[in-house]
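First comes the structure, then the notes that go with it.
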Amino acid sequence: MRKIIIAGNWKMYMTQAQSLEFLQVFKSEIEERVGTREIVLCAPFTALGLLSKTLHGGIIRLGAQNIHWESEGPYTGEISGPMLKEIGVNYVIVGHSERRQYFGESDQTANMRLRAAQKYGLTPILCVGESKAQRDAGDAEEVIINQLKSDLPGVNQQDLVIAYEPIWAIGTGETCAATEANRVIKLIRSQLYNPDVTIQYGGSVKPDNIDEIMQQNEIDGALVGGASLDPLTFARIVNYLA
Ligand code: 13P
């Protein structure tokens, strides 16, 4: 059985105070229909400790947005698995295109971060996806297959989430058609030895497209950026109509 996971990626937004305000509204808007769907908030490091205390025992789980491959060391600005685990974090995003584009993340470092996450008891959410130029050149499939080939060696697929995030659809309002996302996610699944890996779609997910996205048979959830910052908007997304 594939798990459904709806995750918000807050990126570099949300102070502690804003996170608490968000939670107050968001929690009261989650409907019973959510059932076994898992809800994850991938918050900035500074908000994780407070959120963990506030969410303790509830249905919302916590994710971080980065993890270093060592358990500790002289790596200014980085964060380690044991540090995240200690405060109750369950998931960590790895290889997001913004990390690849602005912070020199490569497939090699993504692979090291994935394996570190699993080593320290966190479930990684690996992001893959093609740029506009790659799609226009007809290279989308090859790019994604190569990312998976480089990112996944040594990674346990029993404890993994993958997000298909076409770069051209991130923060642009331009969504990948649900049927096209479904097709690419099917291709991603065909590359895995565990067909039960949860594979999300990410890229301009909004209340007005989530229902259609979640109706696709290969899509097991969403990784939501901008629309996860507003509690009512994100609540509508997690309450999607199946
Ligand atoms: P948007 O939902 O803002 O397009 O961002 C998607 C994303 O990058 C999630 O990780």
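The values are calculated or read from the model by the stated rules, or taken from the named source; none is laboratory data. Values in this document were obtained by computation on a predicted structure and should not be read as measured data. Here the Cβ is made from the backbone with ideal geometry for all residues, glycine too, and neighbour counts use every protein chain on show. SASA here: full protein model, heavy atoms, side chains in, ligands and nucleic acids out. Shrake-Rupley method; radii C 1.70, N 1.55, O 1.52, S 1.80 Å.
Given the Cα atoms of the chain, and with Rh set as the inverse mean 1/r over their pairs in the Kirkwood sense, what is Rg to Rh to two decimals?
0.94
Multiplying the sequence separation of Lys206 and Gln18 by 0.36 nm and subtracting their Cα-Cα distance, what value in nm do you get?
Numbers: separation 188, 0.36 × 188 = 67.68 nm, distance 2.07 nm.
Length gained between Lys206 and Gln18: 65.6 nm.
Let me have the relative contact order for the range 121-164, percent, based on Cα pairs under 8 Å that are six or more residues apart.
It comes to 63 percent, rounded to a whole number.
Per-residue counts of other Cβ atoms within 10 Å, averaged by peptide: what ranking do you get for 75-81, 169-175, highest first? Intermediate results must be reported in sequence, preceding the final value.
Values: 75-81: 13.7, 169-175: 15.3.
Packing proxy ranking, top to bottom: 169-175, 75-81.
Given an 8 Å cut-off on Cα distances and at least 6 residues of separation, report the relative contact order of the chain as a percent.
Result for the chain is 22 percent.
Just to make sure I understand: if all protein chains stay in place, what is the order of Lys186, Lys53, Lys206, Lys11 by accessible area at 1.4 Å, largest first?
Sorted descending by solvent-accessible area, the residues read Lys53, Lys186, Lys206, Lys11.
Run the numbers on the range 59-180 and let me know its relative contact order in percent, using alpha-carbon pairs under 8 Å that are six or more apart. Mind showing how you got there, number by number?
Values: 178 pairs, mean separation 28.9, N = 122.
Here the relative contact order equals 24 percent.
Answer with one residue from Ile87, Gly104, Ala117: the one whose Cα lies farthest towards the positive end of the charge dipole of the chain, charges on Cβ with Lys, Arg +1 and Asp, Glu -1.
Ile87
In deg cm²/dmol, rounded to 500, what helix-only [θ] at 222 nm does the chain give when every DSSP H run of at least 4 residues adds -39500 (n - 2.57) and the total is split over its residues?
-11500 deg cm²/dmol
Assuming R0 = 41 Å, can you tell me the calculated FRET efficiency for the pair Thr54 and Asp136, based on Cβ-Cβ distance, to the nearest 0.05?
0.40
I want to verify the translational diffusion coefficient of the range 94-192 in µm²/s; compute it with Stokes-Einstein, Rh as the Kirkwood radius over Cα pairs, at 37 °C and 0.692 mPa s.
After rounding, the answer is 237 µm²/s.
List, in the order given, every pair from Lys11/Lys119; Lys11/Lys53; Lys85/Lys132; Lys11/Lys149; Lys85/Lys186; Lys85/Lys206 whose Cα-Cα distance in the structure shown is over 28 Å.
From Lys11/Lys119; Lys11/Lys53; Lys85/Lys132; Lys11/Lys149; Lys85/Lys186; Lys85/Lys206, over 28 Å: Lys85/Lys132; Lys85/Lys186; Lys85/Lys206.
Per residue, how many Å² of accessible area does the chain show with a 1.4 Å probe? Spell out each step's value before the answer.
Numbers: 10990 Å² over 242 residues.
Roughly 45 Å² per residue, with all protein chains present.
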